[in-house]
Amino acid sequence: MAILAVYPHARTLQVAAWDEALCEIAIFPLSACSDGIIEQQLLPWLKTFINTSQDLQFIVTSGGTPEFTSSLATHLGISAYTIDPATSSECPPLTLVTGTPALTRRCAADTFIFKYLVRQEASDKGLELDEARFIVAHLDEENHLGALFGTSVLEALTSFDEGPFALRQSGALPFDSVLDLCMSSDGKDEVLKILHEEGGLAGYLGLQNLEDLWACQGEKADAIREALVYQISKEIGALATVLKGKVHSIILAGELTRHEPF
């Protein structure tokens, strides 16, 4: 019987069905209507190669979209299990301190992809996983960076909060300017839209996908590319201090790293 793996990432849903004789992979766009994705896209895809009512054993997921996974499990009549939850924060308590008791750091990222990558790196390099120290930078439509001791996450940041900007997210921002933006906007939803949907490469260069980043020409495009690399490099360097300078491997992954100029 096959296992169905479900991994939500940025604005896409990555799925795979696997058993000893089968490996099928697909990517679907995520939308607000989970039942629409399931009924109109996912189930028809599954039915092209598997009897969903009899041949699927269970669902595994990183836990990023619990409502969607629950609905999918109901449609298929099988159980769903969460592995290495992507939304849980494992960082030590000291990393959550901000400087004011009114605010607490999130220190959260896609820990599922972090742990997958460090396990793969340890296996490839012959490292003792429990004793190795890693810096992971998963650079895609969203940027997720972290410092890990084995599979334990010690520090994490993303383009949604304190990390480098990404395709649409603004990343870390100057405090006073954020306050000014909040005061001049109509409410929280408008501010979040500006920072999380209209920022980053979309805001600076009008990009809708990372593939176009290297096709942009001109001084402005050059400056923004350089700034993106600078911010990523700066955060990787900062994460090295979390590991006291003892780093066995720096792992770069995600769509951005597939482009040779980067």
Requested in this report: Mind listing the long-range amide H neighbours of Phe58? Cut-off is under 5 Å, sequence gap 5 or more, other chains count too, H placed in the peptide plane at 1.01 Å from N.
Outcome: Leu4
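From the square roots a ≥ b ≥ c of the eigenvalues of the alpha-carbon gyration tensor of region 2-82, which class results: rounded (a/c under 1.5), prolate (a/b over b/c), or oblate?
Details: a/c = 1.41, a/b = 1.37, b/c = 1.03.
Cα axes put region 2-82 in the rounded bin.
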Requested in this report: Kindly state, to the nearest 0.05, the FRET efficiency for Ala21 paired with Glu211, given R0 = 35 Å and r defined as their beta-carbon distance.
Outcome: 0.55
Report task. Any lysines with Cα under 21 Å of the Lys244 Cα? List them, leaving off those in the same chain fewer than 8 positions away. Result -> Lys115, Lys234
Query raised in the report: Amide H neighbours of Thr12 under 5 Å, counting only residues 5+ apart in sequence or on other chains, H built in-plane at 1.01 Å?
Result: Leu30
Query - Given the chain, longest segment not containing exposed loop trypsin sites (Lys or Arg not before Pro) (DSSP; at most 12 other Cβ within 10 Å) - result: 12-243
Report task. Report, by chain and number, residues whose modeled amide H sits under 5 Å from the one on Phe262, excluding near sequence neighbours (fewer than 5 apart, same chain). Result -> none
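With both bridge residues required to lie in the chain, what share of the DSSP beta bridges run antiparallel, to the nearest 5%?
Taking every DSSP beta bridge within the chain, about 65 percent pair in antiparallel fashion.
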Query - Gained length - Gln41 relative to Arg106, 0.36 nm times residue gap less alpha-carbon distance - result: 20.0 nm
Query - Length added when fully stretched, Ile83-Val97, from 0.36 nm per residue minus Cα-Cα - result: 2.3 nm
Report task. Could you grab the relative contact order for the chain? Cα pairs under 8 Å, six or more apart, rounded to a whole percent. Result -> 14
Report summary line: Residue by residue through region 225-239, the couplings from Karplus 6.51 cos²θ - 1.76 cosθ + 1.60 with θ = phi - 60°, in Hz, x for Gly and Pro, are 4, 5, 5, 5, 4, 4, 5, 4, 4, 4, 6, 4, x, 5, 5
Query raised in the report: Extension gain Glu198-Glu128, at 0.36 nm per residue separation less the Cα-Cα distance, in nm?
Result: 21.0 nm
Query raised in the report: Taking a ≥ b ≥ c as the square roots of the eigenvalues of the Cα gyration tensor of the chain, is the shape rounded (a/c under 1.5), prolate (a/b larger than b/c) or oblate?
Result: prolate
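Every read-out reported here was derived from the displayed coordinates using simple, explicitly stated rules and does not represent laboratory data. Treat the numbers as computed from the prediction; the structure is a model and nothing was measured. So basically every Cβ, Gly included, is an ideal-geometry build from the backbone, and we count neighbours across all protein chains shown.
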